[in-house]
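A short worksheet on the structure shown next.
The values are calculated or read from the model by the stated rules, or taken from the named source; none is laboratory data. A quick note: this is a predicted structure, and the numbers were derived from the prediction, not measured. When we count neighbours, we look across all protein chains shown, and the Cβ atoms used for this are built from the backbone with ideal geometry, even at glycine.
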Amino acid sequence: MNKLSEAVSKRIRKDLENAYMEIIPVPGIEEKLGVLQENMHMAVTCSPTRGVDATLELTEKLIAQGFQVTPHISAKSVRGERHLETIIKRLDAMSIQSIFVPGGDAPEPIGNFNNAYDLLKALQKCGHNIKKIGIAAHPEGHPDINEKILMESLEKKKDLADFIVTQMCFDATALGDWLLRINKQGIHLPVWVGLPGAIERGHLLKTSLRIGVGDSLRFLRKKSQVAAELMKSSVYNPKKLVTDISEYKDISDTNLIGYHIFCFNQIEKTEKWRKEVISSLK
């Protein structure tokens, strides 16, 4: 790899310093957090197999340990208005400042919230103390939804949200082009880009089957050459992707503010990678 310019090095360092990890609520995961700094920010996902309660239970444990947490509240995993009220009470009791509201990966909703927009509208009507609400976006497409509908959905949700978190991205050019495109369309929300962590292939496949994202991985294998390489190699190193994103010609004109790292609970390996890259650029 060629020597990086000072501007690119600075950009990579800043975005990785702002990065945070997404963790999956499975038994014993809190025992793996010793490698993380106190008060570090992280997200807790909401899987279709474990539901919102598992997300909130882990969030409570992490808050008690001093971490800043953004729990995911998937629309399809909320049973209805009463369940939502209970969720909000638990969030407010923990003084949660931000949440992320995706539609969810479940094939069918368990209640009457069919998508993220439905839940966002319900949240707007409820009283709560949440300061920031995030929404999902798909720069590299979606296995079941065409590009036009994806953009219309983002337009529809933008006024109900405070930030965007993208899907796991593998193509720096596609991402950069999309970031510029949403700016031109008047969507100026801060964007956290979904970044695959330093992941062992076997662990990724095993974990994906446990949490119900196998369909997404099969889609990625078809959609992206880099994703195919991820599936073939024993360990994926995201440094080239981060470098390519930082070298994108107009990246400074976008609203990229950092990375949402999909570590698939390989916390120690991913945090070691993040720190090593930051240290190498100082």
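Some observations on this one:
- For Gly134, the conditions (1) of a type outside the set (A, V, I, L, M, F, W, C); (2) more than 19 Å from Val52 (Cβ to Cβ); (3) crowded, with 18+ Cβ neighbours inside 10 Å all hold with the exception of (2).
- Qualifying residue in the range 83-105 (condition: under 18 Å from Gly51 (Cβ atoms), surrounded by fewer than 13 Cβ atoms within 10 Å (Cβ to Cβ) and at pLDDT 90 or above): yes
- Tally of residues being aliphatic (A, V, I, L, M), farther than 18 Å from Phe163 by Cβ and under 22 Å from the mean Cα position of the chain (by Cα) across the range 105-121: 1
- Sole exception among (1) of a type outside the set (Lys, Arg); (2) within 19 Å of Gly51 (Cβ to Cβ); (3) exposed (fewer than 14 other Cβ atoms within 10 Å of the Cβ); (4) modelled with pLDDT of 95 or more for Ala116, by number: (3)
- Selection count where residues are in contact with a strand residue (DSSP E or B) (Cβ under 8 Å, 6 or more places away or on another chain) and either assigned to a strand (DSSP E or B) or within 14 Å of Leu175 (Cβ to Cβ) (or both), scope the range 248-282: 9
- Applying the condition of being in a strand (DSSP E or B) and out of contact with any Pro (no Cβ under 6 Å at 6 or more places or on another chain) to the range 10-44 and asking which residue is surrounded by the fewest Cβ atoms within 10 Å (Cβ to Cβ) yields His41.
- Meets criteria (part of a helix (DSSP H, G or I), surrounded by fewer than 16 Cβ atoms within 10 Å (Cβ to Cβ) and touching a residue at least 12 places away in the same chain (Cβ under 8 Å)) for Asp53: no
- Residue in the range 144-163 that is in contact with a Leu (Cβ under 9 Å, 6 or more places away or on another chain) and in a strand (DSSP E or B) present: yes
- Evaluation of Ser47 against (1) in contact with a Gly (Cβ under 9 Å, 6 or more places away or on another chain); (2) surrounded by fewer than 17 Cβ atoms within 10 Å (Cβ to Cβ) (one fails), failing number: (2)
- Residue in the range 1-10 that is within 13 Å of the chain's Cα centre (by Cα) and of a type outside the set (Asp, Glu) present: no
- Within the range 120-131, residues that are in contact (Cβ under 8 Å) with a residue 12 or more places away in the chain reach partners that are assigned to a helix (DSSP H, G or I) and among the charged types (D, E, K, R) with beta carbons closer than 8 Å, at six or more positions or on different chains, in the pairs Leu120/Lys157; Ala122/Glu81; Cys126/Glu85; His128/Asp92; Asn129/Asp92; Ile130/Asp92.
Conditions tested, residue by residue: (1) modelled with pLDDT of 95 or more; (2) closer than 25 Å to Asn265 by Cα.
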{"residue": "Lys148", "(1), (2)": "no, no"}
{"residue": "Lys157", "(1), (2)": "yes, no"}
{"residue": "Ala161", "(1), (2)": "yes, no"}
{"residue": "Phe170", "(1), (2)": "no, yes"}
{"residue": "Lys206", "(1), (2)": "no, yes"}
